[in-house]
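> Dumping the structure here so I can ask a few things about it.
The values are calculated or read from the model by the stated rules, or taken from the named source; none is laboratory data. This structure is a prediction, so every number in the text was calculated from the model and none was measured. As a convention, Cβ positions derive from the backbone with ideal geometry for all residues, glycine included, and neighbour counts pool all protein chains shown. Note: accessible area is taken over every heavy atom of the protein model, side chains too, but ligands, DNA and RNA are not part of it. Shrake-Rupley method; radii C 1.70, N 1.55, O 1.52, S 1.80 Å.
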Amino acid sequence: MPSAKLNPYEMNFHHGTSLLHGWLPLTIEIIAIVLLLIAIVRLTRRWWLIRIPIAVVLGVAGALGAWVYTNDQGLASDPAPVLLWICVGAMVAALVVVVIGWPGARWWQRVAAILALPFAIASTGVVLNQWVGYYPTVQSAWSALTAGPLPHQTTTDALAGLRGTNPKTGVVVPVDIPSNGSGFNHRTEYVYLPPAWFAGKTPPSLPVVMMIGGEFNTPGDWLRSGQIMPEIDKFTAANNGQAPILVFVDSSGSFNNDTECVNGPRGNAADHLTKDVVPYVESKFNASSDPAHWAVVGWSMGGTCAVDLTVMHPELFHTFVDIAGDAGPDSGTKAQTVQRLYGGSTEQWEHFDPVTVMDKHGPYTGIAGLFDDLTAPQHDGKHGMPKGFKMPKVSEDQIGKGGQDAFEGSSEVGAAEKLCTTGKKVGIDCTIHTTKGGHTWQFASAAFSSSLAWVSARVGLPVPAST
């Protein structure tokens, strides 16, 4: 089965030089500090009384500006580590030293100043990555930077040759889904086809799980940063090759275009997911069209999307998993959200607000959801755990420190409780599970792994007895 063999990137996918801990992040930070110290060592009185204070003041201003912008835009759910702002300030200060320290500097000081800048930038990137856990290893970061192949990636042309071969693992294929229903300008998306999809002369009608990432994302993030493929392979190996089709969608159109999966000035993301993706997967891969066989799993912003899509479109989806999402589509304060996401239309805000949607819809039938939250909600202790669900576990040496994709001024705190309470009133069977941890991709991956058996059972598949 040549087309399905491991690619070079995949061989190093789970093993490699860590960017979250260990020698490399520390080495980068030490080199940056040493180079900056070499660059600023001068003996003149004017240098220490005038130029160094200028660099310090501008560095502090840069760090403060970054902090204010982050809070204003609502770019973080967990408070950023102080070290991040120190690195931002050092980065700005290094740039200032290069400019104002050039005249009169010796050649080695100029070299140190020039080298200090990229290392200061790299240190900032390292600390940011340690906070959010976006790239666990150098290999995963390089693959993302170079758009390298994903685990088990092959081409759609190779699928016919795999028919009836009983592959040991599923495959991932890139797809260019037409945007006729939405006009949404999206990037390449991906579809995972389990081994069971290749059984027989024609594809079986399998259930589907739509996978949505966080605010800053690429469609392949669940596979690169979330590293969920080993868990999927383990699941299919124990389940006679059976698993849902997974479709890794583009809900943003670009890395930093926060659509919150709604229709608005940032693009018709909601229409893309419901009017483009769903019919395409059903027709192209013979997926089931029964809403009972469709689920949405989302992380952070994607968790918000998972709830919203399900309660707005019960004719398409009957199951959702909300991993550390907000109480509704959110882009700052409510006034900022209305303006940024809906062009100032409060009517559109209400149209996409899940609590409002549930209240207006009335009783639902056959809808169930799981909330995996990072904050302890107020509850009466009577929430039962869905069959097949286990508490997610994340190894301490594999996790980032937390802080990506949700919104500091939003309602992530208590969002699960609010949504589940409202859902129960209208017939939605929901469960809340809380875990201590950071807002990182490692938490998202653990939550996905814990919920996989439950989701699979919900969409109509048998699950291994060991799960």
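> Students sometimes get this wrong: rank H293, H433, H318 by accessible area, probe 1.4 Å, all chains present, largest first.
Values: H293 60, H433 15, H318 35 Å².
Ranked list, largest accessible area first: H293, H318, H433.
> Can you give me the distance in nm between label points at T202 and K424, each placed 7 Å from the Cα along the Cα-to-Cβ direction?
The modelled label-to-label distance comes out at 4.5 nm.
> Quick check: with the 1.4 Å probe, what order do S251, S289 take by accessible area, largest first?
Correct descending sequence by accessible area is S289, S251.
> So, R0 is 45 Å and r is the distance between the beta-carbons of E347 and N71; what FRET efficiency does that work out to, to 0.05?
0.95
> Sum -39500 (n - 2.57) across every DSSP H segment of at least 4 residues in the chain, then divide by the residue count to get the 222 nm mean residue ellipticity, nearest 500.
Value at 222 nm, helices only, nearest 500: -12500 deg cm²/dmol.
> Also, I was wondering about something else. Round to a whole angstrom and tell me the spacing of the C-alpha centers of segment 194-257 and segment 432-467.
14 Å
> Moving to a separate point now. What percentage of the solvent-accessible surface of the chain, computed with a 1.4 Å probe over protein heavy atoms, is contributed by carbon and sulfur atoms?
Numbers: 12210 of 19940 Å².
That fraction is 61 percent.
> Okay, next question. Please give the solvent-accessible surface of F216 in Å², to the nearest 10, using a probe radius of 1.4 Å with every protein chain present.
Solvent-accessible area, nearest 10 Å²: 40 Å².
> With a point put 7 Å past each Cα toward its Cβ, work out how far A238 is from V138 in nm, to one decimal.
Going by the 7 Å Cα→Cβ label model, 3.5 nm.
> Normalised by the number of residues in the chain, what is the relative contact order in percent for Cα pairs under 8 Å and 6+ residues apart?
Numbers: 955 pairs, mean separation 79.2, N = 467.
For the chain, the relative contact order is 17 percent.
> What does the extension gain come out to for V111 and N286, with contour length at 0.36 nm per residue minus their alpha carbon separation?
Using 0.36 nm per residue and subtracting the Cα-Cα distance, I get 57.0 nm.
> Please list, in chain and number order, the residues 5+ apart from I177 or on another chain whose amide H is under 5 Å from its amide H, with Hs placed from the backbone.
HN-HN under 5 Å from I177: E189.
> A follow-up question, please. Suppose R0 equals 35 Å. What FRET efficiency, 1/(1 + (r/R0)^6) with r the Cβ-Cβ distance, do L37 and T333 give to the nearest 0.05?
In this case the efficiency is close to 0.25.
> So how strong a dipole does the chain carry about its Cα centre when Lys and Arg Cβ are +1 and Asp and Glu Cβ are -1, to the nearest 20 debye?
1420 debye
> Jot down the radius of gyration and Dmax of segment 424-467, Cα atoms only, both in angstrom.
Using the Cα atoms of segment 424-467, the pair Rg, Dmax is 13.1, 34 Å.
> How long is the chain along each principal axis, judged by its Cα atoms, biggest number first, in Å?
79, 53, 44
> Could you list, by residue number, the cysteines of the chain that have no other cysteine's beta carbon within less than 4.7 Å of their beta carbon?
Lone cysteines by the Cβ rule: C87.
> Could you work out how far apart the two model spin labels at W48 and D157 are, taking each label as a point 7 Å from the Cα in the direction of the beta carbon, and quote it in nm?
It works out to 6.9 nm between the two label points.
> Any chance you could run the full-extension gain for A61 through A465? It's 0.36 nm times the residue separation minus the Cα-Cα distance, nm to one decimal.
Stretched fully, the A61-A465 segment lengthens by 139.7 nm.
> Residues with amide H under 5 Å of T137's amide H, sequence separation 5 or more or different chain, H placed in the peptide plane at 1.01 Å from N; which?
L19
> Let me ask you something else. For segment 460-465, what does the Karplus curve 6.51 cos²θ - 1.76 cosθ + 1.60, with θ = phi - 60°, yield as ³J(HN,Hα) per residue in whole Hz, taken in order and with x for Gly and Pro?
With coefficients 6.51, -1.76 and 1.60, one gets x, 9, x, 10, x, 5 Hz.
> Please work out the average accessible area per residue across the chain, using the 1.4 Å probe convention, and give it in Å².
43 Å²
> If you plug each phi of segment 293-304 into the Karplus form 6.51 cos²θ - 1.76 cosθ + 1.60 with θ = phi - 60°, what whole-Hz ³J(HN,Hα) values come out, in order, with x for Gly and Pro?
Those phi angles translate into 9, 10, 9, 10, 10, x, 10, 6, 3, x, x, 4 Hz.
> Compute from the Cα atoms of segment 147-199 the Rg and the Dmax, the latter being the longest Cα-Cα distance, and quote both in angstrom.
13.0, 38
> Which cross-chain or sequence-distant (5 or more) residues have an amide H under 5 Å from the amide H of V296, H modelled 1.01 Å from N in plane?
It is M210, T319, F320, V321, by chain and number.
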